[in-house]
1. Less than 23 Å apart at the alpha-carbon level, and either on another chain or at least 8 residues along: which lysines does that give for LYS252?
2. Compute the distance in nm between two label points, each set 7 Å from the Cα along the Cα-to-Cβ direction, one at ALA260 and one at PHE341.
3. Among GLN454, PRO116, SER390, pick out the residue whose Cα is farthest towards the positive end of the charge dipole of the chain, where Lys and Arg carry +1 and Asp and Glu carry -1 on C-beta, about the Cα centre.
4. Under 14 Å from the Cβ of ARG184, count the other residues' Cβ atoms, weight Lys and Arg +1, Asp and Glu -1, and hand me the total.
5. Quick check for me: using +1 on Lys/Arg Cβ and -1 on Asp/Glu Cβ, what's the dipole size of the stretch 330-633 about its Cα centre, in debye to the nearest 20?
6. Please say if the chain is rounded, prolate or oblate, where rounded means a/c under 1.5 for a ≥ b ≥ c the square roots of the C-alpha gyration tensor eigenvalues, and otherwise the choice is prolate for a/b larger than b/c and oblate otherwise?
7. Under a Cβ-Cβ limit of 4.7 Å, which cysteines in the chain have nobody to pair with?
8. Which loop-located trypsin sites (Lys or Arg not before Pro) does the stretch 469-542 contain, where loop means any DSSP state but H, G, I, E or B and the Cβ has at most 15 other Cβ atoms within 10 Å?
Amino acid sequence: MMVLTKKMIEIRSILQNVGQTGALQLPSIVVIGSQSSGKSSVLEAIVGHEFLPKGSNMVTRRPIELTLINTPDSPSEYGEFPALGLGRMTDFTQIQKTLTDLNLAVPEADCVSDDPIQLNIYSPTVPDLSLIDLPGYIQISALDQPEELKAKIAALCDKYIQPPNVILAISAADVDLANSTALRASRRVDPRGERTIGVITKMDLVDPARGNAILKDRNYPLRLGYVGVVCRVPSTKFSFGRNVNITYAISKNENTFFGAHPEFAAPDSGVTVGTTNLRKRLMSVLEQTMAQSLQATSDAIHQELEEATYEFKVQYNDRPLTAETYLAESLDKFKHSFKDFTEHFGRPQVRQLLKHELDQKVLDFLASRYWNKPLSEDKSWNRLDERPISELPNVDSENLYWHRRLDASTSALTKLGVGRLATNVVANALQQHMDRLISESTFRAHPFAKQAIQEATNAILNERFYSTSDQVENCIKPYKFEIEVDDREWAQSRENSQNSLKEELKACEEALKNLKSNIGSKKLVQVMSFIDKLRQGEHADTKEGTEAFGFSQPLLRKGMEGVFLRDRAEILKMRLYALKSKQCVTSANKYHCPEVFLDVVAEKLTSTAVLFLNVELLSEFYYNFPRELDNRLGRHLSQQQVESFAKEDPKIRKHIELQQRKELLELALEKMESLMALEKSKKAPVVGEGSVRTGRWGGMF
Ligand code: GDP
Ligand code: MG
């Protein structure tokens with residue numbers, strides 16, 4: 001058993017995840033040869049399956065890094081493209097198709113790419129090997145291929161045939177060895193023939209005596225020797241399916257062929273033939289090469305690890321960070337800030353929010369039902385059923401007109417859909433606060449988590465919305481019929497309404513001031529006095545006439561705004577005066593003081609609504625949110641989701657990746673060291689040509 005190669009292949013797959021740097025390449029067997037020399041056939045014979053792209057027109061355009069992994073304990077054979085994440089492929093036709101697609105994806109114009117395809121094949125019948133298939137050397141560029149293609153392929157091959165790789169130089173027996181592109185290329189980088197295995201394919205196509213002579217070629221002597229093979233699959237036997245292992249058929253075919261000729265079969269023939277022997281030789285050579293490169297590889301890993309460790313210390317102060325801990329910490333912090341928020345957003349805050357909202361509604365009603373009333377001298381007011389607000393303090397307390405006004409306003413307020421409004425106000429506020437919490441947390445850089453939090457929030461709020469809104473509406477129902485006021489409430493609302501009106505007055509005056517500075521105070525006075533006259537019936541003639549007075553339409557609109565603001569301010573001052581007066585001290589005069597009474601109603605609606613909002617919405621939300629959050633960002637996430645979450649933040653990504661790199665290098669180094677210790681203790685003789693071990697693949701020769 002080739003333990004070393006197996007372990008080294010394991011280490012190599014660890015290193016592949018580190019992010020490959022040249023220094024960490026482990027030795028492989030690199031297959032070179034000209035087009036149609038039989039490269040693919042040899043590789044397939046070794047693997048035992050037809051899986052390589054076929055076709056006459058440059059089907060191999062990218063290096064294929066083929067890793068064979070012997071799985072003695074499992075009968076299943078399958079392939080995996082680790083970089084593609086397609087999972088196991090047990091159908092070799094599927095593997096062939098995938099390889100073809102990957103190769104053909106290289107644009108026609110580029111022809112070859114040096115981006116390797118990684119393919120692992122697991123089988124109980126393959127040896128542990130790492131092989132690299134390269135595009136074949138071409139002699140003459142075809143018409144539709146760019147001139148520099150030949151050079152491009154040669155350059156790509158040159159990259160791979162460097163030490164410590166072993167070169168598998170493929171030449172066909174029916175082509176003069178002196179013309180073999182593979183051997184020529186090999187000779188350039190390995191002039192003493194120390195790490196090249198010569199493979200002569202198509203031995204069946206030449207006369208056995210000539211075949212024997214080729215294998216004994218002394219022109220380019222190779223320490224690892226030449227091996228003659230016949231790799232063509234005997235076609236007749238395989239009409240029943242392509243997924244069948246062809247190892248046996250090939251070796252049987254070879255045994256028949258070579259066995260029939262003493263030039264190959266005689267014990268003193270002095271040549272090595274057959275794919276079974278080739279396979280054994282590959283294994284022992286790779287094992288030996290791996291053993292030789294142990295120290296260098298270990299040193300390279302050491303150095304990489306040292307660099308990673310240094311960087312980790314300098315950049316991150318050795319602070320450990322994994323995707324899991326990052327998520328857990330972020331989640332913890334977020335829950336903390338949420339908890340903090342729940343302590344500061346309770347009944348008083350909800351009450352204030354809701355009261356503010358209802359205050360706005362009250363102001364709207366007052367504006368449309370009271371304050372829009374004409375000043376007595378305004379002749380443009382043509383609705384005769386309307387009474388001027390200025391009369392309100394002086395009408396007698398039984399006046400039906402003003403009674404109806406207040407009753408209608410009160411009813412509009414209590415029936416405006418307080419349940420829905422109140423629930424909406426609180427739900428919106430909660431959403432906004434959650435958005436704020438996100439923006440203040442580490443999650444702000446993570447779209448996935450952000451969405452999860454927003455979804456958790458919405459899920460609970462949506463779930464609670466209708467029942468809360470119904471509950472609130474139900475509880476304020478009594479106010480739709482009767483509202484009782486005690487003295488304390490009245491006094492409080494009298495103060496509230498004065499403040500509210502003062503605010504409104506301030507806003508009015510502010511707006512008027514802005515208007516003035518906007519169009520100039522002189523111009524504003526002019527256009528306003530023009531509009532006043534218009535309203536009092538002077539120049540009432542034509543609308544078109546207005547332009548004639550030198551006022552443009554936009555200016556007139558501004559003027560109207562000015563008049564409105566001035567009048568509104570006047571009314572507000574008047575009403576403030578009324579509210580301060582003795583008349584509004586007692587609730588008995590509520591019809592004279594609609595502002596105060598409507599505030600009483602708003603207060604009552606608010607207090608009642610808040611009680612239920614607190615129980616039905618707020619407490620429910622506070623209780624359920626952390627659970628919903630755990631559901632979405634907690635244990636249920638897969639390792640991959642956690643990883644991709646954490647890496648959304650480029651800074652975190654760098655930190656995690658460096659840590660992962662460091663850990664993988666540590667792991668690789670650890671395995672490397674135990675492997676070296678094992679090798680030392682074995683002190684086994686070096687395996688080379690002529691001392692091929694008889695292993696499981698021992699064959700007939
Ligand atoms: P590649 O272009 O170097 O990959 O060569 P292939 O493996 O595709 O083989 C080219 C052609 O040679 C195919 O038609 C094979 O069937 C044929 N071939 C390969 N090996 C042998 C062999 O040992 N004997 C014979 N007669 N034909 C072979
Ligand atoms: Mg091929």
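1. Hits, sequence-local ones excluded: LYS39, LYS202, LYS237, LYS280.
2. If labels sit at ALA260 and PHE341, their model points lie 8.4 nm apart.
3. PRO116
4. For residues surrounding ARG184, the net value is -1.
5. On the way: 45 positive and 45 negative charges, 133 e Å.
Computed about the Cα centre, the dipole is about 640 debye.
6. prolate
7. CYS111, CYS157, CYS231, CYS475, CYS508
8. none
Here, each number is a calculation from the coordinates, and none is a lab measurement. Every value quoted in this text rests on a predicted model; they were computed, and no experiment measured them. Cβ sites come from the backbone with ideal geometry, for glycine too, and all protein chains shown count toward neighbours.
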